[in-house]
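Student: Would you mind keeping the following structure in view while I ask a few things?
The values are calculated or read from the model by the stated rules, or taken from the named source; none is laboratory data. These figures come from a predicted structure and were not determined experimentally. Here the Cβ positions follow ideal geometry from the backbone for every residue, glycine too, while neighbour counts run over all protein chains shown. These area figures cover heavy atoms from the full protein model, side chains too; ligands, DNA and RNA do not enter into them. Shrake-Rupley method; radii C 1.70, N 1.55, O 1.52, S 1.80 Å.
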Amino acid sequence: MVQTITPGRWRGLRATSLDTYVFTILAFDQRGTFRKMLPDGTSYETAVHIKRDVVVALAPHVSAVLLDAAYGLSSALDMSGSSGLLMSLEKSGYSGDSTYRHMDFDPNWTIEKIRRMGASAVKLLVYYHPDSGELAEEIEKTVQKVCQECHEYDIPVFLEPMSYSLDTKVKKESAEFAKTRPKVVQETARRLSQLQPDVLKLEFPVDAEFDQDEAHWRQTCEAISQVSVVPWVLLSAGVDFEMFERQTQVACQSGASGFLAGRAIWKEAVTMPDSERQKFLAETAVPRLNRLTDVTLKYARPWTNFYQPIPASETWFKTY
């Protein structure tokens, strides 16, 4: 069923997608993960400079860029004006223990400020497992509240649920968790898509370390497309580029609306000297983006399959 959405949300989705209504978005909102990639003692100014280098070089080649408030302002101000801008709302990381993950927010960073700074959309990351009982219910209520507030400011929200293990003896990267991952990601998409995010940003539902069957990959991605009532895009989760390219093709052939990826594209660049970084971005990262864009343009499902704008009329603004 096609939903009718308000002008701000429509414009936000238009600003973050290509003219064909599919998403080719660069993610560089990493904070804690980004710092861990850098040498000990790297200054804040250097971290900002590196992020800006990457974003300025790559923004002209994507439909939008996802950034953070802590390190991303210079990137947001200096990147290509042809690219849309998404800003992360949540704090980096989580509170609680590894099997009971709460989301945290900085009271000084709000949806209102994201709208005021000219961003096209809000991104919200949550650690979520559909079998976590009261915690799942708590997170669902928070997600719903954030989505409602974003829509009050007429700005779209991209929701990024990340799965994790509820058993301290079972790591997410294990074969045991990999067996449950397709159902976990599918059920997550089913539940959370009903809470009115505009787009889901999802991890690949199969752990390729333990399953190289692309027919099964396609089956699990199709299952997500069947249960999600909103468009979804694929995140890279730090996998190597060659693997992410394969995953993106399968996901887009199976109903995804594009990609929203970071480290698979730029991770080698952050530890390089400036001159080497620029060469890598121009000669390796840009071709990577071009290859992903070609796949997306060929196979991805337009988000307009899900949304239409309010009808234009002489009096539309009276009830807006």
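Student: Check P182 against each of (1) open to solvent by 10 Å² or more (accessible area, probe 1.4 Å); (2) of a type outside the set (S, T, N, Q); (3) touching a Ser or Thr at 6+ places or on another chain (Cβ under 8 Å); (4) closer than 23 Å to P302 by Cα and name the one condition it does not meet.
Tutor: (4)
Student: Output the qualifying pairs, or none if there are none: Cβ atoms under 6 angstrom, residues six or more apart or on different chains, first residue in the stretch 103-114 and within 14 Å of V143 (Cα to Cα), second residue of a type in the set (G, A, S).
Tutor: Listed by first residue and then by second, the contacts come to D104/S95.
Student: Hey, can you tell me all the residues within the stretch 272-285 that are open to solvent by 40 Å² or more (accessible area, probe 1.4 Å) and in contact (Cβ under 8 Å) with a residue 24 or more places away in the chain?
Tutor: Of everything in the stretch 272-285, those that are open to solvent by 40 Å² or more (accessible area, probe 1.4 Å) and in contact (Cβ under 8 Å) with a residue 24 or more places away in the chain turn out to be D274, Q278, A282.
Student: Does the stretch 195-218 contain any residue that is among the polar types (S, T, N, Q) and either open to solvent by less than 20 Å² (accessible area, probe 1.4 Å) or in a helix (DSSP H, G or I) (or both)?
Tutor: Within the stretch 195-218, none of the residues are among the polar types (S, T, N, Q) and either open to solvent by less than 20 Å² (accessible area, probe 1.4 Å) or in a helix (DSSP H, G or I) (or both).
Student: Among (1) within 29 Å of C147 (Cα to Cα); (2) in a helix (DSSP H, G or I); (3) over 16 Å from the mean Cα position of the chain (by Cα); (4) touching a residue at least 24 places away in the same chain (Cβ under 8 Å), where does A189 come up short?
Tutor: Every listed condition holds for A189 apart from (3).
Student: Another question about this same structure. Give the residues of the stretch 140-161 that are within 13 Å of S193 (Cα to Cα) and open to solvent by less than 10 Å² (accessible area, probe 1.4 Å), sorted by residue number.
Tutor: V143, C147, V157, F158, L159, P161
Student: Something else about it: List the helices (runs of 4 or more DSSP H) inside the stretch 1-89, counting only whole elements, that have at least 3 residues being of a type in the set (G, A, S).
Tutor: Per the criteria, 7-15, 73-78.
Student: Filter the stretch 219-236 down to residues that are outside any loop (DSSP other than H, G, I, E, B) and without any contact (Cβ under 8 Å) to a residue 40 or more places away in the chain and give me whichever is surrounded by the most Cβ atoms within 10 Å (Cβ to Cβ).
Tutor: Restricting to residues being outside any loop (DSSP other than H, G, I, E, B) and without any contact (Cβ under 8 Å) to a residue 40 or more places away in the chain, the top hit is L234.
Student: Among the residues of the stretch 101-122 satisfying the criterion of being of a type in the set (D, E, K, R) and either at pLDDT 95 or above or part of a helix (DSSP H, G or I) (or both), which is most open to solvent (accessible area, probe 1.4 Å)?
Tutor: This residue is R116.
Student: Have a look at R288, R246, R301 and point out the one that is in contact with a helix residue (DSSP H, G or I) (Cβ under 6 Å, 6 or more places away or on another chain), among the charged types (D, E, K, R) and open to solvent by 10 Å² or more (accessible area, probe 1.4 Å).
Tutor: Criteria check complete, one pass: R288.
Student: Checking the condition assigned to a loop (DSSP other than H, G, I, E, B), farther than 15 Å from L200 by Cβ and out of contact with any Leu (no Cβ under 6 Å at 6 or more places or on another chain), which residue from V239, V295 passes?
Tutor: Among V239, V295, only V239 is assigned to a loop (DSSP other than H, G, I, E, B), farther than 15 Å from L200 by Cβ and out of contact with any Leu (no Cβ under 6 Å at 6 or more places or on another chain).
Student: So which residues in the stretch 242-261 are over 16 Å from the mean Cα position of the chain (by Cα), of a type in the set (S, T, N, Q) and within 18 Å of D207 (Cβ to Cβ), if there are any at all?
Tutor: Q249, S254
Student: Six or more apart or on different chains, Cβ under 6 Å: which pairs go from a residue in the stretch 38-62 that's free of Cβ contacts under 8 Å to residues at least 40 places away in the same chain to one that's surrounded by fewer than 20 Cβ atoms within 10 Å (Cβ to Cβ) and not in a helix (DSSP H, G or I)? Could you list them?
Tutor: A59/S80; P60/S80
Student: Quick test of your reading of the structure: T248 fulfils all but one of (1) of a type outside the set (D, E); (2) over 28 Å from D154 (Cα atoms); (3) out of contact with any Phe, Trp or Tyr (no Cβ under 7 Å at 6 or more places or on another chain). Name the failing condition by number.
Tutor: (3)
Student: How do the pairs read when you match residues in the stretch 197-216 that are among the small types (G, A, S) with residues anywhere that are open to solvent by 70 Å² or more (accessible area, probe 1.4 Å), using Cβ under 9 Å and keeping only pairs 6 or more apart or on different chains?
Tutor: Pairs found: A208/R246.
Student: Here's something else I'd like to know. Does A269 qualify as being among the hydrophobic types (A, V, I, L, M, F, W, C) and open to solvent by less than 20 Å² (accessible area, probe 1.4 Å)?
Tutor: Criteria met by A269.
Student: Have a look at Y164, Y128 and point out the one that is surrounded by 21 or more Cβ atoms within 10 Å (Cβ to Cβ) and either at pLDDT below 95 or more than 19 Å from the chain's Cα centre (by Cα) (or both).
Tutor: Checking each option against the conditions leaves just Y128.
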